[in-house]
Amino acid sequence: MPSVDWKNLPEREEDINFDDIYEKHQVSTENDFDTIVVVDGAPIVDEAKEEKLMTVLTKLFTKGAGEIKENGIWMPMTPNEEGKKASSGYLFIDFKSPESAHAAVKNLDGHKLSKTVTLSVNKFTDVEKYSDMNEEYVEPQIEPYTAKEHLKSALMDPQARDQFVMYRGDDVSIFWNRKTESPEHVYSRTNWTETYVQWSPKGSYLSTFHTQGIALWGGPSWNKIVRFVHPGVKLIDFSPNERYLVTWSNEPISLDRLPESGHPFSEYDEGNQVVIWDIKTGSLLRSFPLAQAAGEEQKTVRWPMFKWSSSEKHFARVVPGQQLSVYEAPSMGLVGKKSIKAPGIVDFEWSPAKGNASDPKIYQKEEVLAYWTPEIGNQPARVSMMTIPSKEVIATKNLFNVSECKLYWQNQGHFLAVKVDRHTKTKKSTYANIEIFRVNQKNIPVETIELKDPMLAFAWEPYGERFATITTSDPAYGSTPAHGQAPATVKTDVKFFYLDNSKKANAGFKLMKSLDKKSANYLFWSPKGHNIVLATLRSSTVSDLEFYDLDFEPLASDKKDKSDPGSTVQLLSTQEHYGVSDVEWDPTGRYVVTGSSMWRQSADHGFCIWDFKGQLLFKQNIENFKQLLWRPRPESLLSSEQKKKIKKNLRQFSKQFDEDDLALGDATAAKLHAERRKAVEEWYAWRKATERKLDEERKVLGKEIQHTDEGKSEVVEEWVEEVIEESEEILD
């Protein structure tokens, strides 16, 4: 404290400067009160019930947040009209650590203590901060409107071509597909991404990965639309309608490693690794820690970690072996404020169908998800179906001798197929069954299909009631290769099944066609159905591609056996692409691209484009080829009636397309001819100019060449005989 000048004392007390005293004894609320929370909405009780309420609240907050300081709960009691002391509906809780206070706000804000009592939990420092806000309304400054580019402008291409993105070396490029011709370049950028690229589900955005986060690009100019700060991001997932983005990083969020500004994270996000963003606004909606069983170390990450319902209203994830947590969007809160207990739960899948209570033809009025639990003690394995948000179980099926299950929804949500891997009593071998739930029927009947062999792959036909499987009885399946050797290519059987409704009493899925002694290990249906590619991928010895049409119409001269449903299954083409590692249909079902990526193969990198019949249209070998992805298309705006009309009058529409293709072919040929003629003319012009220059140089040097022949030239004629026709006749 500065020394006092007794000769110049202030006349009034108000003139005394106490700033040095205030500074010395100032208390920092940010540092000293960050362990305290304020709880509102608590029950109002009198002195008789005070101790009981304090016991309940102490147990709740200790379990849900962390350890509380001794005498750390203070609930004010004030006299009421009757003269008795009663609580005021709020209290203060002082935890031993700021982390516990953060957990209390995060976990218990909005907690329902009873049907009529809901607690509101806030940090004490937040209450102070918001109480000091200026109460005078300040009108926000509205930025001037600037028009943005159309994110779906690629759909306006006059030739209805599809785009694809290619990642090779350090370059990422966008191209138009041009069938048999070299793709037309649209846009390129070097070092556009650091790991890989990914399209959004409807093709509106192209996402690139960077050390500091994710960037989304789009429009004709491929400008940056929005970026999301998430250091070390490795995986992303879009919601079905491109409204939300989920990102995951193996590095937990640490505010100490981030700059003071330029990021959206707060202390509530500390230590979390999964973040959900709003794509339209670019704002952070909520972050989550990894979901793992208590006491278990997280070794692998199952992706996608959150799975979205088709409407985007709900998303969910599994806490392995414990529960299923279903959240609402965009509020990010748990449905019903609590998770669904399901001991042993392994996995789940949402139905692609949207619940519609107004449509009397739809049995399921809400969205549906299915999940499975393994055998626990005397309890059998079980597949359950539940409606959301009511959480009503609408179907269950008990399963025995189960080692693994996999859930496959048909893309219209009419059927759920469950691949069940069963083990024999000795547990030395396994085989597969398929349990099919008919969700589009009342009471959801279940049908079982016995396969008797292990299943490698399963796939529903899009917009159809058929599916394909790959099974194997090869003894080499599952065997471990010798050190330094590649896994052996096993022989497989491909089976096609269809729904037979010819006899209502015996309706069900029947075998349509079986293809034996194949090497295929992957199934790729056309997005429009009907066609399928059987592929042998990532094999060191076999790279087969087989193109099939399941609705092949034979010629009029060929007799079709109507009693044989498999007579329409026709092999269109058998091809080979050495080192093929990836197969992808374009969104229209017209073309298939096969790629050999340097990420999976050591040599012969590049890609091939085939038509749906298996004819090679274009092939290109590219050094350091990494990735090629077709740009997805949104759903068609045409109604089912309009589509039927187009199919009915397809020949009429096809004439115009044939004329366009012919004109394009003629134009291409004329362009090529003109380019060649121009090249020849340029060559002769250069030659004549060079000859003139050479003559001038020779004149200067006195070495001019005489070109006259002085009548000594000689004409030589050469006769060539050619047999045009030869016949042999035998005379009597």
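Observations on the model:
- Assessment of the range 634-653 against the conditions (of a type in the set (Ser, Thr, Tyr), assigned to a helix (DSSP H, G or I) and under 32 Å from the mean Cα position of the chain (by Cα)) yields at least one matching residue.
- Flag for PRO352 being touching a residue at least 60 places away in the same chain (Cβ under 8 Å) and surrounded by 15 or more Cβ atoms within 10 Å (Cβ to Cβ): yes
- Looking only at residues of the range 347-358 that are of a type in the set (A, V, I, L, M, F, W, C) and modelled with pLDDT under 95, we find that the one that is farthest from ARG438 (Cα to Cα) is ALA357.
- When the range 606-643 is filtered for residues that are within 24 Å of GLY203 (Cα to Cα), surrounded by fewer than 12 Cβ atoms within 10 Å (Cβ to Cβ) and of a type in the set (D, E, K, R), the ones remaining, listed by number, are GLU635, LYS643.
- Out of PRO220, PRO231, one residue alone is more than 14 Å from the chain's Cα centre (by Cα), of a type outside the set (Gly, Ala, Ser) and surrounded by 15 or more Cβ atoms within 10 Å (Cβ to Cβ). It is PRO231.
- Strands (runs of 3 or more DSSP E) (entirely within the range 516-604) containing at least 1 residues that are aliphatic (A, V, I, L, M) and surrounded by fewer than 18 Cβ atoms within 10 Å (Cβ to Cβ): 570-576
- Of the helices (runs of 4 or more DSSP H) lying entirely inside the range 6-92, those carrying at least 2 residues that are assigned by TED's automatic domain parsing to the domain that holds HIS102, modelled with pLDDT of 85 or more and loosely packed, with under 13 Cβ neighbours inside 10 Å are 47-64.
- Look at (1) β-branched (Val, Ile, Thr); (2) more than 24 Å from VAL368 (Cα to Cα); (3) within 26 Å of the chain's Cα centre (by Cα) and you find that VAL439 fails only one, number (2).
- Residue in the range 111-125 that is β-branched (Val, Ile, Thr), buried (at least 18 other Cβ atoms within 10 Å of the Cβ) and modelled with pLDDT of 90 or more present: yes
- When the range 126-159 is filtered for residues that are within 24 Å of TRP199 (Cβ to Cβ) and either touching a strand residue (DSSP E or B) at 6+ places or on another chain (Cβ under 9 Å) or modelled with pLDDT of 90 or more (or both), the ones remaining, listed by number, are LYS148, GLU149, HIS150, LEU151, LYS152, SER153, ALA154, LEU155, MET156, ASP157, GLN159.
- Among the residues making up the range 412-431, those that are surrounded by fewer than 16 Cβ atoms within 10 Å (Cβ to Cβ) and not β-branched (Val, Ile, Thr) are HIS423, LYS425, LYS427, LYS428, SER429.
- Any pair with Cβ under 6 angstrom, 6 or more apart, that starts in the range 355-380 at a residue that is under 14 Å from VAL402 (Cβ atoms) and ends at one that is at pLDDT 95 or above and among the charged types (D, E, K, R): THR373/ARG382
- Any hit, the range 175-194, residues being under 13 Å from LEU629 (Cβ atoms), in a strand (DSSP E or B) and at pLDDT 95 or above: yes
- Residue within the range 238-251 that is modelled with pLDDT under 95 and over 22 Å from VAL326 (Cβ atoms) present: yes
- Residue within the range 502-521 that is over 20 Å from LEU456 (Cα atoms) and of a type in the set (A, V, I, L, M, F, W, C) present: yes
- Subset of the range 335-349 (residues that are farther than 19 Å from PRO374 by Cα and touching a Gly at 6+ places or on another chain (Cβ under 9 Å)): LYS337
- Answer residue from the range 385-411, given it is farther than 18 Å from TRP308 by Cα and surrounded by 16 or more Cβ atoms within 10 Å (Cβ to Cβ) and is modelled with the lowest pLDDT among those: ASN401
- Test result for GLU267, surrounded by 15 or more Cβ atoms within 10 Å (Cβ to Cβ) and at pLDDT below 95: yes
- Every listed requirement among (1) crowded, with 21+ Cβ neighbours inside 10 Å; (2) out of contact with any Lys or Arg (no Cβ under 8 Å at 6 or more places or on another chain); (3) more than 30 Å from PHE618 (Cβ to Cβ) is met by SER200 save one, (3).
The values are calculated or read from the model by the stated rules, or taken from the named source; none is laboratory data. Every value quoted in this text rests on a predicted model; they were computed, and no experiment measured them. Note that each Cβ is placed from the backbone with ideal geometry, even for glycine, and that neighbours are counted across all protein chains shown.
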